[in-house]
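Report on one structure; see the data block that follows.
The values are calculated or read from the model by the stated rules, or taken from the named source; none is laboratory data. Fair warning: this is a prediction, and the values are worked out from it, not measured in the lab. Here the Cβ positions follow ideal geometry from the backbone for every residue, glycine too, while neighbour counts run over all protein chains shown. Each accessible area value is taken on the protein alone, full model and side chains, heavy atoms only, with ligands, DNA and RNA left out. Shrake-Rupley method; radii C 1.70, N 1.55, O 1.52, S 1.80 Å.
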Amino acid sequence: MDTGQNQPKIATDRQAAWGLLTEFTQSESLRKHALAVEACMRAYARQHGEDEEKWGVVGLIHDFDYEKYPSLDDHPMRGSEILEQRGWPEEIRRAILSHADHTGVTRQSRLEHALFACDELAGFITAVALVKPGKSLAEVDARSVRKKMKDKAFARSVNREDITKGAQELGVELEQHIAFCIEAMKGIAGELGLDGSKAAVSN
């Protein structure tokens, strides 16, 4: 099958990644989650001197198939199949498969550990910001996130164990990891709708 001459470049092509995400994901909240994870991944790539575009792309598309294939039987395996059909590199596909424990793909590279560490946490940080009076990341710090993690009724769908395990696998202290991701997400607070403008509109 002809996958096109430009396909090998796709690993660092953010435009192609965004196109893929928006093709499969219509939900605004899921798109914002993808952007949040991308921001965290890019920040960690910069910190470790890794390929920022590649890490960002992995963060952006890690859940691209979730809206269409939300069951554990399908996600993220269906997504990996689609990526393979379209000529995406194995390194990208493997990282995405490894962010879900039920796939049986063990996390080995720093890229894979970072994706797992940032995924659930980015969602949880967003949830914490949305219950703040100003609905802003500026009101969120590591301590408030840790406090909310202890509240089992809050953001019940977020796996606290995965957040803790993610930091351990990445080799960073949990509070430091939380603070790092908050700062990364602040850089795109406007795109995430977490810059306080929502609260200003509702008041």
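What 222 nm value per residue comes from the helices of the chain, counting each DSSP H run with n ≥ 4 as -39,500 (n - 2.57) and dividing by all residues, nearest 500 deg cm²/dmol?
-18500 deg cm²/dmol
What is the local net charge at LYS152, summed over the other residues whose Cβ is closer than 13 Å to its Cβ (Lys, Arg +1; Asp, Glu -1)?
My count for the surroundings of LYS152 gives +3.
Given the pairs LYS54/LYS165; LYS68/LYS186; LYS135/LYS165; LYS132/LYS186, which span a C-alpha to C-alpha distance of over 26 angstrom in this model?
Table pairs above 26 Å Cα-Cα are LYS68/LYS186; LYS135/LYS165.
Aspartates and glutamates within cross-link reach of LYS32: Cα-Cα under 17 Å, excluding same-chain residues under 8 positions apart?
GLU23, ASP63, ASP65, GLU67, ASP119, GLU120, GLU183, GLU191, ASP195
How many angstrom lie between the C-alpha centres of region 113-153 and region 52-82?
22 Å
Read through the labelled values (i) 46; (ii) 59; (iii) 54 and report the label of the one computed as percent of Cα pairs over 22 Å apart from the structure.
From the options (i) 46; (ii) 59; (iii) 54, the structure gives (i).
With labels modelled as points extended 7 Å from the Cα through the Cβ direction, what inter-label distance (nm, one decimal) is found for GLU169 paired with LYS68?
Roughly 2.6 nm, to one decimal.
Restricting to Cα pairs below 8 Å that are 6+ residues apart, what does the relative contact order work out to for the chain? Please round to a whole percent.
After rounding, I find 21 percent.
At 1.4 Å probe size, with the rest of the protein present, what percent of the exposed accessible area of the chain is carbon and sulfur atoms?
Carbon and sulfur together cover 47 percent of it.
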